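Participant: Here it is: the structure, laid out below.
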Amino acid sequence: MFERLEPVIPDPILGLMAAFRADPDPRKVDLGVGVYRDDRGETPVLESVRRAERELLARQSTKSYVGSAGNPAFNEAIERLVLGDEHEARLTARVRTVQAPGGCGALRLGAELIRTASPDSLVHVSTPTWANHSPLLSGSGLRLERYPYFDPTTGGVQFGAMTAALERLPPRAVVLLQASCHNPTGADLSPAQWRELLALVKRRQLLPFIDMAYQGLGDGVVEDAYGVRLFCTELSEVLCAVSCSKNFGLYRERTGALHVVNETPAGAGATFSQLVRIARGIWSMPPDHGAAIVHGILADAPLRTAWAEEVVAMRQRIQGLRQEVVKQLREHCPQRDFGFIATQRGMFSFLGIDTAQVRELRARHHVYMTDDSRMNIAGLRQENLEYFARATAQVLAG
Ligand SMILES: Cc1ncc(COP(=O)(O)O)c(C=O)c1O
């Protein structure tokens with residue numbers, strides 16, 4: 001049966017990781033993989049996670065199944081974190097939450113729900129968007145289209161072109177948005193733009209599907225949820241896929257959730273039952289460990305405070321690096337303006353060099369980023385900021 005299968009070309013990021021590992025040069029800089037790194041270049045287990053994990057191990061009395069909707073205590077805790085305790089959709093029972101294996105699982109679950117409700121739906125994603133959106137969403141059978149988003153000349157959002165394109169969509173078209181820390185561009189919508197977009201979405205009767213993978217790493221836990229909270233209050237239907245990989249550092253524990261807002265509590269109940277059915281048919285039940293840790297943190301005031309401080313530290317490190325790398329680049333490449341890096345948010349930015357220059361940066365200077373020049377800012381360290389800026393200057397000089 002399998003003899004006719006062609007091998008799949010591996011994801012270029014895997015090749016980049018392997019090349020970085022194999023590079024013996026001590027100056028090498030890894031800006032490729034999208035995980036948070038501290039100033040030692042490590043992705044540590046958060047201290048709040050360690051404490052919650054110890055308490056969990058001490059008190060857990062069973063490993064029995066959790067159910068297809070996941071851990072209800074986690075679902076409630078993450079719903080409160082994303083929407084806020086007193087959110088209208090929570091108080092009126094218009095929102096339901098299902099736990100999923102990471103943000104990826106939540107995105108796929110949402111896509112399967114859309115496919116169930118409306119098989120011919122088109123999902124409109126930003127240009128560019130996170131590379132995995134395409135396989136995750138189209139894998140469920142939905143077709144993807146693009147809308148303009150990133151303006152490489154300013155490093156910001158091409159809001160006029162974006163809204164003009166969305167204005168032309170038919171009712172019920174699905175629009176994938178990112179809540180904050182847009183991957184791969186770092187260009188986010190401002191609160192005023194979220195409000196303008198809300199009016200458009202209402203007028204055109206579009207279905208927003210919001211991907212929230214970096215709550216807390218942009219401007220703050222509350223600030224990063226601005227668009228999600230606004231849309232979920234003002235609209236009768238919204239999907240929101242949440243990941244705990246980055247803000248809780250739980251990457252491999254596969255922890256996430258899908259929130260679905262409906263017009264009525266009865267509609268929410270029906271949707272929830274469909275989500276449970278879909279989850280049952282894909283992964284049956286989500287892994288519990290990460291979700292139990294997140295619940296343990298959010299339900300315990302001292303642990304929650306400790307976690308919030310760790311999120312602040314991650315955010316401040318990223319923002320500090322953004323400022324400092326701009327300063328270094330200004331010094332070493334004065335002919336070019338990299339100021340946009342400091343105004344963007346989250347871990348990613350495009351350096352804005354071409355593929356040949358990216359490859360030269362890799363070959364001559366051991367600086368690794370994807371061919372489109374997307375770099376993980378958190379991969380920089382105090383000790384190599386200047387090295388990175390000098391290397392960039394040499395590559396730009398040709
Ligand atoms: C934009 C975006 N969405 C979703 C995810 C999903 O992450 P995970 O499935 O690891 O929770 C990521 C992870 O990199 C991401 O960057």
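Participant: Quick check for you: with a 1.4 Å probe and neighbouring chains kept, what is the accessible area per residue of the chain, in Å²?
Facilitator: Accessible area per residue: 45 Å².
Participant: Using a cut-off of 12 Å between beta-carbons, work out the net charge of the residues near Ser48 (Lys and Arg +1, Asp and Glu -1, Ser48 not included).
Facilitator: -2
Participant: Also: For a distance above 14 Å, tell me the whole-number percent of Cα pairs in region 73-112 that qualify.
Facilitator: Summing the P(r) tail past 14 Å for region 73-112 gives 49 percent.
Participant: What shape does region 111-257 take by its C-alpha gyration tensor, where a ≥ b ≥ c are the square roots of the eigenvalues and a/c under 1.5 counts as rounded, a/b above b/c as prolate, and the rest as oblate?
Facilitator: Rounded is the answer for region 111-257, as its axis ratio a/c remains below 1.5.
Participant: In degrees, nearest 10, range 0 to 90: what is the angle between the Cα axis of helix 191-204 and the longest Cα principal axis of the chain?
Facilitator: 50 degrees
Participant: Roughly how large, in nm² to one decimal, is the mean projection of the convex hull of the alpha-carbon atoms in region 1-112?
Facilitator: 13.4 nm²
Participant: Still on this model: Using the per-residue mean of other Cβ atoms lying within 10 Å as a proxy for protection, in what order, highest first, do the peptides 277-289, 254-266, 189-201 fall?
Facilitator: Taking the mean over residues of other Cβ atoms within 10 Å, the ranking is 254-266, 277-289, 189-201.
Participant: Classify region 331-398: rounded, prolate or oblate, from the alpha-carbon gyration tensor (a ≥ b ≥ c, eigenvalue square roots; a/c under 1.5 rounded; otherwise prolate if a/b is larger than b/c)?
Facilitator: In terms of gyration-tensor shape, rounded.
Participant: Same structure, new question: If you count the DSSP beta bridges with both ends in the chain, what percent of them are antiparallel, to the nearest 5?
Facilitator: Close to 45 percent.
Participant: Using the Cα gyration tensor of region 240-290, with a ≥ b ≥ c the square roots of its eigenvalues, what is the shape: rounded (a/c below 1.5), prolate (a/b larger than b/c) or oblate (neither)?
Facilitator: In terms of gyration-tensor shape, oblate.
Participant: How many angstrom lie between the Cα centre of region 249-297 and the Cα centre of region 1-80?
Facilitator: Comparing the Cα centres of region 249-297 and region 1-80, I get a distance of 18 Å.
Participant: Quick one: which residues, 5 or more positions from Phe150 or on another chain, have an amide H under 5 Å from its amide H? H modelled 1.01 Å from N in the peptide plane, none for Pro or chain starts.
Facilitator: Thr127, Gln158
Participant: Quick one: what Rg and Dmax do you get for region 1-44 from the alpha carbons, in Å?
Facilitator: 15.4, 49
Participant: Report P(r) for region 93-194: all Cα-Cα distances, bin width 5 Å, range 0 to the bin holding the largest distance, values in whole percent.
Facilitator: Calculated P(r), rounded to whole percents: 2, 11, 21, 22, 20, 15, 6, 1, 0.
Participant: Using the Kirkwood formula on the Cα atoms of region 226-312, what hydrodynamic radius do you get, in angstrom to one decimal?
Facilitator: 14.9 Å
Participant: At 0.36 nm per residue, and after removing the present C-alpha to C-alpha distance, how many nm does the segment from Ala308 to Val8 gain when stretched out fully?
Facilitator: Length difference between fully extended and current span is 103.9 nm.
Participant: Per-residue HN-Hα couplings for region 385-392, Karplus 6.51 cos²θ - 1.76 cosθ + 1.60 at θ = phi - 60°, whole Hz, x for Gly and Pro?
Facilitator: Each residue of region 385-392 in turn: 4, 5, 4, 4, 5, 5, 4, 4 Hz.
Participant: Give me the Kirkwood hydrodynamic radius of the chain, using the inverse of the mean 1/r over all pairs of distinct Cα atoms, in Å to one decimal.
Facilitator: 22.0 Å
Participant: To continue, here is another question. So, in Å, what gap is there between the alpha-carbon centers of region 101-137 and region 348-383?
Facilitator: Between the Cα centre of region 101-137 and that of region 348-383, the gap is 28 Å.
Participant: Something else: Skipping prolines and chain starts, which residues have an amide H placed within reach, meaning under 5 Å, of the one on Glu145, given they are 5 or more residues away or on another chain?
Facilitator: Val123, His124, Val125
The values are calculated or read from the model by the stated rules, or taken from the named source; none is laboratory data. Remember, it's a predicted structure, so these values are computed and weren't measured experimentally. Virtual Cβ from ideal backbone geometry, glycine too; neighbours counted across all protein chains shown. Calculation scope for accessible area: heavy atoms of the full protein, side chains included, ligands and nucleic acids excluded. Shrake-Rupley method; radii C 1.70, N 1.55, O 1.52, S 1.80 Å.
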